[in-house]
C-alpha cells in the first residue's frame, strides 16, 4: 500500500532533523518577566526557496514530482516554499490563486479544502492566508496536504475567495475575515461568524490586539 | 402557491442574521436557540413552512473562548490544559495532534512505550466521546433507555482513564514528548476485562436501538449526503465514512504506532442519517480490537517520556499534523518563531467542517428530523467555536 | 416480519435488564477507591507516578521557596501565590511557600511536574466545597495536612452486569 | 471546613416562625371551620337510634368509637362516597399515584439505575409526596401575552375531564359511579375533549413551540380516535349492549373477549397509547424537537394538574381495556365467606365484592405495566409515520376485527344462545 512507503520515508526524514535542536542554547531557568520581544526575522523569508536556518533534507521524490508539475504549469507565478514527506507549501500571488486552486482541484486531484486560516506578520506588514487542500478520491494522494498560501498587504487585505472552487471554505473564510480582517472578494456572505454581533474592536487574531491584563 | 423549491430559493437570498416574520410568505421562523434542548450551546435559525424546513442558518460562537489567541501567550507545555477545553471528554485526541506538531517542530523523538500508552489513552478517549455522543443521539430521538445505557457504560472507560491519568475527564496527559506518567500496575488486566464486558454491552445497543424498527423508520433515507457532495463539502470523520469514503487518518496517515495495528476502516455507502449514526457504532467495535492489539504489542518496560527543558524552544518553522479524533480529522498548524511561545496556532476541527453540511442537509426535511439529522453530523458546538 | 421480530428482540433485551444489577455509584454512601495516594512526580527520572490528581500536599521541610510551581501555574490558571510563612528553614531563607486558590486551580498537576525538590504532590481528596470563595484559598499550613480519604468501592464486573461493589 | 454565613440572626428566625403560625391560624379559623360545617349540614346524616344526628352529635361521636361504625357504614353507600372515594376520584388518584412511582422505579430498573431513592427510608417511596409539595409551592408563571382565562381554565378542565371518564368505569358489581346504559359512548364522548383542551392551552400560551405541540396533539388524537372507537365497537357487537356493566357480565357468561378479538385488543392498546401521548407517540411533548410541546409554558401547580390528569387518563384507559377485553372484575372468589367474623351480607363487606375489587385492581395494574413498557424500549416516531399508521394500518385492522366479531355472532358461537355462552 503506497501509504506504508511514505511512512518509511517519514521515519527516515525525522531522525535527521532531530540533530537540529541540540545546538539551541539552553534557556535560562527564570525567563524574563517582560514579554519576550518577537525573535528576529520570522519564518517565511521571501528570498530563497529553501529556508536558510537548517539544511533541508533531500525532498522525497513523489512530493518533488507534484511540486515540479505545478511549477511547470505556472512558472514563476508559483513558488515552492518547502517540500516535506507528505506536506508541500506553495505560494502564489492573490491574482493567480483561483487558477492554481482550480488546476489543483481538476487535474491534480486535490478535491477538498480542509481549512482556510491566516497568520499575521506585522514585521513585513503582510497577512499570510493559507488553505490546506487534501484529497479523498486519489489513493496515492490520500495523506498529502498541499498548503496553498498567498500574502496580502496588512493595511487593506483583499484576497479573491475560493468559494467557487471549494464550497467547503465558506465558513472558514468568514472566520478568517472576522479574526484577521482579510476581505475575501466574491464571498456571498462576508459577515461576522463566531464573534458577538457588537464586536467593535480590531480583528482579535492580529498581533497588535492585546489580551487585557496580560 | 409557491412550491417548496421556490421557497427554498427565495429564502436563500435572505442573508440577515436576525430574520423578521413576513406575514404573507406563511413561514414561521424558529430559533433553535442556545438553550434549546435540541441544540446544546449553539443556535441555528430555521424557517418552517408547515412541517417542512425551508431555510437554515447556523450561528455558532456562543462558547467561543479564543483558544488560538490564548496559545500565543503561553509556552508549549502550558498550552496543554487549556487546549483540551474545547472537547474535554476527548481530551487525549485533541492534544494528540498538538503534541505531534510540536514534536515535529522541535524534532523530539517519543520513546516506543510512550507512543503505545498515548495510543491506548486516545482510543479509550474515543470510546468515551462516542458513547456520550450516542447517549445524546438516543435522547434526541426520545429513546430514554438509549441515553442511560451508553451514559452508564461510559463510566467503564472513565474509570480506566482515571486510573491511568489521574483525572476523570480533563486529563492533560498527552504532552509534547510523550505521556506524563506510566501505567499503574494491574491496569492492563482491568482494561481487558472492561473491554470484554463492553463488547457484550454493544450487542445490547444493537438490539434495543439500531435494530428497532421505529428507529430505522426515523433515520433511514433521511437527509442523504451523496459521495460527491460529501467530498465537495469537505466533511470529515464518521459523516464522510457514512457516505462511502473509507478515509481514516489512523489508516491513511498513520501516526505513532498506528501502522503496527491492523484494523479495517469501517464505512457505509448509503450516506443517510442511519449510516451516520451506525458508523460511530462500528468504530467503537473496531476500537475495542485496536486496544487489544495495542495492549499486547506494548513493550513491557521502558521510558514513557523524553524530558524537555523547562521552556522548550525549537528552530523557527511550520508544522501541520492531523489525528483521527471522535469527530474526524483534527489538525494543528503551528508556526513557531524560535521562542518558547508558538507564533500562531491554527486548530482545524472536525465539527467546524461538518457544520457546513447542516444547512445543506436540513433544508427540505421535516421539523421532526431536525434533531436526528443535526446530531448525526457528530457536531460538538464547543469544539467548533474554539 | 422484520418489524415484529425487531420489537420482540427489543422487549426481550429491555426486560433482560430488569434482572441485571444497578450500576449507579451512590456517592455519599459509596466512595471510589483510587490507586495509591495521589499523583506524584519524580524530577530525577522526569516522569510521573500514576495517581489521582486531587488536593495538593506540601511537604514543608523540602520546599525551598523557588517559585517554580507559581511560574508553571502562571500560564495556566494563576492559582498559586507565594506567601510568607513564619517558619525558618535552612534551605528556605525567604520563608515563602505556595498558597493554592482552589477557586482557580484546574487540577492539571503541571505544578507537581515543575517542582524539582519533591515538595509538592497531589492527594486523593476531592471534596473541597466551601460556602465562600475565600475559604477555597488553602494556606501552606492547610496544604501540609495529609487528608484521610477512605474510598471503599470500585467497579466490579459480575455475571449479572457491572456494578460498584 | 464549612462555616455559617455571618448574616444569620436568631431574631429573624423567630420572626419567620411567628409569621407562619399567624397565617395558619387565620386560614383555619376563616376557611377550615366554616367548610367543615357546610359539609356536615348538607350531607344527609343517618338517624342515630331514635333522634336525628346533628353535626354537634356527629363531632362527639368522633371521640366514642362504638358510634363510628354505623355512621361509616351508612356514609359508604351514599353517592358522595361513590363519587369522591371508592370507584370515583380518590381510587383513581391513588392508582395514578402508584403508577407514577412504579413507572419511575420500573424505568430506572430497566435502565440499570436507581430511580427515586433517598426520600422516604426504603427505596424512596415518599418521593411522590415530595414532588406534589414541590409543585404546590412552585410559582406559577404565566407568559406575558397569554390569554389568561383559558390559560387557567385548561389544566382544571383537563383533570376534571379525566376524572369524569373515571366515573363511568365499573369496578365491582354494583360499584360504579354512573351506571348509564350508553356507558361506552359516554366514555368516547368525554375523550373527545382532550384534543380540544390541548389545543386551547397551547394556543392560549401564545408562543411558537407550544402552538406546534398543540397542532400535533390535535392531529394525533384525531388520527387515532377512529381505530380507538371501531376496535371497541367490535366488543359491543359481541356483548350486545353498550352498558359497561353489561359488557362485563356478558364476558363472565362466556370467556374473555381478548381470546376472541386479539387484533382488536392490540389496536385498542396502540390507539390508547396514542391517546395518552406516551413514548412511541410522544409527539405533542417531544422535548428534543419542540422544547416541551403544548406543556412548555406550564409551571408549578398547572404542571402538577396536567400530570395528574395524564395519569388519571392512564388509569381510565387501562381500566377500560380491562373492562372491554379482560372481563372486568371476573375471577375466582378468593376471600372466605366471613371476612369480619359474625358479619356477612353487607353490601361492601361480602366476599364477592372484595374479590371483584381485587381482581379488577390486579388486572388494571397489569395493563398499566404494559403501557409503561414502550417508554423503556422505543424511540419517538415522526408525525407522518404516526398519521400513516393511524389512518391506514390501524383502521384496516379494526375493520378486519369487526368482520371477525360479526362472524362469531352469526356463526352462533357467541351472542344470545351461542355455543360458548354458559
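Observations on the structure shown:
- Residue identified as under 22 Å from residue B:56 (Cβ atoms), over 13 Å from the mean Cα position of the chain (by Cα), buried (at least 24 other Cβ atoms within 10 Å of the Cβ) and modelled with pLDDT of 90 or more among B:377, B:361: B:361
- A search for C-beta distances below 6 Å between a residue of the range D:166-181 that is without any contact (Cβ under 8 Å) to a residue 40 or more places away in the chain and any residue that is assigned to a loop (DSSP other than H, G, I, E, B), counting only pairs 6+ apart in sequence or on different chains, returns D:178/D:168.
- Per-region count, the range C:34-59, residues modelled with pLDDT of 90 or more and away from chain B (no Cβ under 11 Å): 5
- Residue in the range B:139-160 that is away from chain D (no Cβ under 14 Å) and out of contact with any helix residue (DSSP H, G or I) (no Cβ under 7 Å at 6 or more places or on another chain) present: yes
- Considering (1) part of a loop (DSSP other than H, G, I, E, B); (2) touching a residue at least 60 places away in the same chain (Cβ under 8 Å); (3) at the interface with another protein chain (Cβ under 7 Å from one of its Cβ atoms), the lone condition that residue B:331 does not fulfil carries the number (1).
- Residues that are within 14 Å of chain B (Cβ to nearest Cβ) and over 17 Å from residue D:202 (Cα atoms) do occur in the range D:283-294, at least one of them.
- Within the range D:366-415, considering residues that are within 12 Å of chain B (Cβ to nearest Cβ) and not in a helix (DSSP H, G or I), the one nearest to residue D:328 (Cα to Cα): D:378
- All positions within the range D:378-407 that are more than 24 Å from residue B:366 (Cβ to Cβ) and crowded, with 20+ Cβ neighbours inside 10 Å: D:398, D:401, D:405
- Residue match in the range B:195-204 (condition: assigned to a loop (DSSP other than H, G, I, E, B), surrounded by fewer than 22 Cβ atoms within 10 Å (Cβ to Cβ) and at the interface with another protein chain (Cβ under 7 Å from one of its Cβ atoms)): no
- Within the range C:107-135, tally of residues that are on the phi > 0 side of the Ramachandran plot and either touching a strand residue (DSSP E or B) at 6+ places or on another chain (Cβ under 6 Å) or at the interface with another protein chain (Cβ under 10 Å from one of its Cβ atoms) (or both): 2
- Residue check for residue C:10: without any contact (Cβ under 8 Å) to a residue 40 or more places away in the chain, within 11 Å of chain B (Cβ to nearest Cβ) and farther than 25 Å from residue B:305 by Cα: yes
- Strands (runs of 3 or more DSSP E) lying entirely in the range C:40-81 (those with 3 or more residues that are touching a strand residue (DSSP E or B) at 6+ places or on another chain (Cβ under 9 Å) and closer than 14 Å to residue C:117 by Cβ): C:40-42
- Matching residues in the range A:169-210 - criterion: being within 16 Å of residue B:352 (Cα to Cα) and away from chain B (no Cβ under 11 Å): A:173, A:177
- Residues satisfying the stated conditions in the range C:136-165, i.e. within 17 Å of residue B:196 (Cα to Cα), surrounded by fewer than 16 Cβ atoms within 10 Å (Cβ to Cβ), touching a residue at least 40 places away in the same chain (Cβ under 8 Å) and touching a strand residue (DSSP E or B) at 6+ places or on another chain (Cβ under 7 Å): none
- Scope the range D:138-176; condition in a loop (DSSP other than H, G, I, E, B) and either under 14 Å from the mean Cα position of the chain (by Cα) or within 21 Å of residue D:225 (Cα to Cα) (or both); matching residues: D:168, D:169, D:170, D:171
- Taking the range B:83-109 as the range and being surrounded by fewer than 22 Cβ atoms within 10 Å (Cβ to Cβ) and within 14 Å of chain C (Cβ to nearest Cβ) as the test, the residues that pass are B:85, B:88, B:108.
- When residues of the range B:219-256 are limited to those that are away from chain A (no Cβ under 14 Å) and surrounded by fewer than 23 Cβ atoms within 10 Å (Cβ to Cβ), the one nearest to residue C:161 (Cα to Cα): B:220
- Reported count of residues in the range B:240-264, each being in contact with a helix residue (DSSP H, G or I) (Cβ under 8 Å, 6 or more places away or on another chain) and part of a loop (DSSP other than H, G, I, E, B), is 14.
- Residue in the range C:144-158 that is assigned to a helix (DSSP H, G or I) and modelled with pLDDT of 90 or more present: yes
- The condition (being in contact with a strand residue (DSSP E or B) (Cβ under 6 Å, 6 or more places away or on another chain) and free of Cβ contacts under 8 Å to residues at least 60 places away in the same chain) is satisfied by just one residue among A:129, A:147, A:159: A:129.
- Residue match in the range D:258-267 (condition: within 14 Å of chain B (Cβ to nearest Cβ) and either in a helix (DSSP H, G or I) or over 19 Å from the mean Cα position of the chain (by Cα) (or both)): no
- Enumeration of residues in the range A:81-94 that are touching a strand residue (DSSP E or B) at 6+ places or on another chain (Cβ under 6 Å) and either assigned to a helix (DSSP H, G or I) or away from every other protein chain (no Cβ under 14 Å) (or both): A:92, A:94
- As a summary of the residue check, residue B:303 satisfies the conditions (1) within 9 Å of chain A (Cβ to nearest Cβ); (2) in contact (Cβ under 8 Å) with a residue 60 or more places away in the chain except for the one numbered (1).
- Residues in the range C:13-30 that are over 32 Å from the mean Cα position of the chain (by Cα) and within 11 Å of chain B (Cβ to nearest Cβ): C:13, C:14, C:15, C:16, C:17.
- Qualifying residue in the range A:57-69 (condition: modelled with pLDDT of 50 or more, assigned to a strand (DSSP E or B) and either more than 14 Å from chain B (Cβ to nearest Cβ) or closer than 19 Å to residue A:150 by Cβ (or both)): no
- Hey, residue B:179 surrounded by fewer than 24 Cβ atoms within 10 Å (Cβ to Cβ) and either away from chain D (no Cβ under 14 Å) or over 20 Å from the mean Cα position of the chain (by Cα) (or both) or not: no
- Residue match in the range D:256-264 (condition: closer than 20 Å to residue D:390 by Cα and surrounded by fewer than 24 Cβ atoms within 10 Å (Cβ to Cβ)): yes
The values are calculated or read from the model by the stated rules, or taken from the named source; none is laboratory data. Source: prediction; values computed, not measured. Cβ atoms come from the backbone with ideal geometry, glycine included; neighbour counts cover every protein chain shown.
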